[in-house]
Amino acid sequence: MAMVRDWVLLQDESRPGDQLLSGGTIEPGRVLTRVGVVEVPKTIVEYLGGKSMKINVKAFALAAGLWWGIGLFALTWWMILFRGSAGDPTLIGRVYLGYSVTPIGSLVGLGWGFVDGLVGGAILAWLYNWASSHFFRAEQA
């Protein structure tokens, strides 16, 4: 069975029955690649060898926390740059206590965003892993 890295098509239009330069044709269940004609698994489960894919919950949660925290920090500085610093209440400030469109508020938003993204990312990854294993077992039965 071919590895995914071998699935790079030479042509977007190659499909079973197409003529090869060597004179042969592409058989059903095979794909023309840079390394030749390779067999294509029927399903991703077949490619994985019967295992369901899992997400590393800690890594996903950390990545989500960093993205959310840094994103809120950058958004706050973007607003400060173009609209100026303002202590006016915002919708985000109602959810994240202490947040405002100020330099100090950007640091508060960084912290709250990191914690929020960390918890949300962990829940999302856990739910994905649960659903993946739950539905994979149902598919095997």
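Using Cα-Cα distances under 8 Å and only pairs 6 or more residues apart, what relative contact order does region 57-140 have, in percent? Don't skip to the end; give the middle numbers.
On the way: 102 pairs, mean separation 37.3, N = 84.
Computed value for region 57-140: 44 percent relative contact order.
If each residue of separation counts as 0.36 nm, what is the full-extension length gain between W67 and A131 once their alpha-carbon separation is subtracted? All intermediate terms of the calculation are to be shown ahead of the outcome.
Details: separation 64, 0.36 × 64 = 23.04 nm, distance 2.42 nm.
My answer for the length gained is 20.6 nm.
Would you mind ranking F82, F114 by Cβ crowding within 10 Å, fewest neighbours first? Numbers along the way, then the final one.
Working: F82 7, F114 20.
So the residues, fewest neighbours to most, are F82, F114.
For region 57-140, what is the per residue volume of the convex hull drawn over the alpha-carbon atoms, in cubic angstrom?
Details: hull volume 7.9 nm³, N = 84.
Hull volume over Cα atoms, normalised by residue count, gives 93 Å³.
How much length is gained if the chain between D88 and M53 is pulled fully straight, taking 0.36 nm per residue apart and subtracting their Cα-Cα distance, in nm to one decimal?
Residue separation times 0.36 nm, minus the Cα-Cα distance, leaves 8.0 nm.
Here, each number is a calculation from the coordinates, and none is a lab measurement. The model shown is predicted, which means the values in this text are computed figures rather than measured ones. Positions of Cβ are backbone-derived with ideal geometry, glycine not excepted, and every protein chain shown enters the neighbour counts.
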